[in-house]
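Worksheet for the structure shown next.
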Amino acid sequence: MAAVQLDLDLALYIDHALLNPTATPIAVEEWCQEADQFHFPTVCVYPASVLQAANLLHGKRPKVCTVIGFPTGATTPGAKLYEAQEAVENGATELDVVLNLGALKAGKTNEVYREIAEICQETGKVVKAILETTLLTDAEKRLAAEICMDAGVAFLKTSTGFHGGATIADVKLLREITKGQIGIKASGGIRTPEQALDLIAAGATRLGTSRGPDIIRQREEAREGE
């Protein structure tokens, strides 16, 4: 599948993720420098690192993405909203929000909708709803996707990476549901150019990975060897 996309610029798809809980300010600086060097759309850091990343990337192409309710999604709606608003105040322009999967599985669809819709409305920023697809049935994935689209999200994101990663099947399912109306972010376990290209071919419009520079270098080496 990847062979048909040899001319694709992978860097334009990558959210350069630093979601290791032991990440230091020095690591944040390194990730920001790499995001700028490789022209990635964003660097994705924890809320505690948003202000530093925003200062480092001020006036540069990469934006600052952060995670909300990460990684379980099981905090209260008020806590998620405050976390999102504070992140925006500190310079985040993209918010990857973990859904409350317990509420979804319990059929509390109105609660799930209100939580994500409020974050979209109150922040006015790009919101990516993290579905954690490996923990959902296909029917639940479809339900979650439809709720989030109605709530106004800009992207559906497959995974946190804590319970497995993105699969071709899940990306294809999300593409079928969204019909190109919003973006699809594949995340978790993406380590090679081949994986990245296959996920893009399946319908991903953004990729979340901590291996962005390695993926780009592998791609360049492969091209040089052709």
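The values are calculated or read from the model by the stated rules, or taken from the named source; none is laboratory data. Just so you know, these numbers come straight off a predicted model, no measurement behind them. Glycine also receives a Cβ, built like all others from the backbone with ideal geometry; neighbour counts cover every protein chain displayed. Areas reflect the complete protein model, heavy atoms only, side chains present, ligands, DNA and RNA absent. Shrake-Rupley method; radii C 1.70, N 1.55, O 1.52, S 1.80 Å.
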Original post:
Pick from Gly161, Gly165, Gly124: which is surrounded by fewer than 16 Cβ atoms within 10 Å (Cβ to Cβ) and either without any contact (Cβ under 8 Å) to a residue 60 or more places away in the chain or within 20 Å of Ile14 (Cα to Cα) (or both)?
Top reply: Gly124
Original post:
Do you know which residues across segment 130-149 are farther than 9 Å from Leu104 by Cβ and assigned to a helix (DSSP H, G or I)?
Top reply: Thr133, Thr134, Leu135, Asp138, Ala139, Lys141, Arg142, Ala145, Glu146, Cys148, Met149
Original post:
If only one of Gly107, Gly73 is part of a loop (DSSP other than H, G, I, E, B), open to solvent by less than 20 Å² (accessible area, probe 1.4 Å) and at pLDDT 95 or above, which one is it?
Top reply: Gly73
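State all residues of segment 11-60 that are acidic (Asp, Glu) and open to solvent by 20 Å² or more (accessible area, probe 1.4 Å); if no residue qualifies, say none. First the steps, then the outcome.
Pass one, segment 11-60, residues acidic (Asp, Glu): 15, 29-30, 34, 36.
Once the filter is applied, which keeps residues that are acidic (Asp, Glu) and open to solvent by 20 Å² or more (accessible area, probe 1.4 Å), segment 11-60 yields Glu29, Glu30, Glu34, Asp36.
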